[in-house]
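Participant: The structure's right below; bear with me while I get my questions together.
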Amino acid sequence: MKLRSATLKDYDDLLFIEEQAHLYPWPASTLYWCLEQAHLRSFVLEQAREIIGFAIYECVLDEATLLNIAIIPTAQGHGHGRRLLRDSLLALDSSIVRVFLEVRVSNEPALQLYAAEGFVEIGRRKNYYPALAGREDARVFELDLAAYCQR
């Protein structure tokens, strides 16, 4: 397994993973835009030179927000999401002290992963995500990255 920075050359692979991994994927233009932005950090996780996942963070001053993380469905359930999360958090600039994220209230595997990695729930966003039956709330989490890096 290898984590590296994503580039525009990875766009097609990332778009494929995005469309396979999420019920409501980002538009292709959003993903492309993210890869172009200097204040966003995008990472890919490779296995045998094949991209199996990606993570995208928005970094502003001393904070980062995990905007998107995905593992291709054929590789899910083997700890790759945890590896991607851990490695990407550790790869963020040393000036980042806090990381935030939102996750669907129904996404139990992600909720368990974030709690196990030390994220703490700090709030909710009502009707944040589209859902099959209307809208779904998001749980908002925060991680003390400085403490995380020392463990």
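Participant: Most exposed first by the Cβ proxy, i.e. fewest other Cβ within 10 Å, how do Tyr57, Tyr148, Tyr114 rank?
Facilitator: Values: Tyr57 26, Tyr148 17, Tyr114 20.
Least crowded to most crowded, the residues run Tyr148, Tyr114, Tyr57.
Participant: Under a Cβ-only charge scheme (Lys and Arg +1, Asp and Glu -1), can you give me the dipole magnitude of the range 11-151 about the Cα centre, in debye to the nearest 20? Could you put the intermediate results ahead of the total?
Facilitator: Working: 13 positive and 20 negative charges, 78 e Å.
The calculated dipole for the range 11-151 is roughly 380 debye.
Participant: Give me the distance in nm between label points sitting 7 Å out from Cα along the Cα-to-Cβ direction at Lys2 and Glu36, one decimal.
Facilitator: Taking the simple label geometry, Lys2 and Glu36 are separated by 2.8 nm.
Participant: In the neighborhood of Gly79, defined by Cβ-to-Cβ distances under 13 Å, what is the net charge if each Lys or Arg adds +1 and each Asp or Glu adds -1?
Facilitator: Numbers: positive: Arg82, Arg83, Arg86; negative: Asp87, Glu117.
Summing Lys and Arg as +1 and Asp and Glu as -1 gives +1.
Participant: Starting from the Cα gyration tensor of the range 1-71, take the square roots of the eigenvalues, sort them a ≥ b ≥ c, and report rounded, prolate or oblate (rounded when a/c is under 1.5, otherwise prolate if a/b is larger than b/c, else oblate). The partial results should precede the final answer.
Facilitator: On the way: a/c = 1.62, a/b = 1.23, b/c = 1.32.
In terms of gyration-tensor shape, oblate.
Participant: Now for a different question. Please list the equivalent ellipsoid semi-axes of the range 2-150, computed as the square roots of five times the alpha-carbon gyration tensor eigenvalues, in descending order and whole angstrom.
Facilitator: For the range 2-150, the ellipsoid semi-axes come out as 21, 20, 16 Å.
Participant: Here is a follow-up. Divide by every residue of the chain the summed helix terms, -39500 (n - 2.57) for each DSSP H run of at least 4, and state the resulting mean residue ellipticity at 222 nm, rounded to the nearest 500 deg cm²/dmol.
Facilitator: -9000 deg cm²/dmol, from helical runs alone.
Each reported figure results from applying straightforward, stated rules to the coordinates on display, with no laboratory input. From a predicted model like this one, the values you see are computed outputs, not experimental measurements. With ideal geometry, Cβ positions are generated from the backbone for all residues, glycine too; neighbour counts draw on all protein chains shown.
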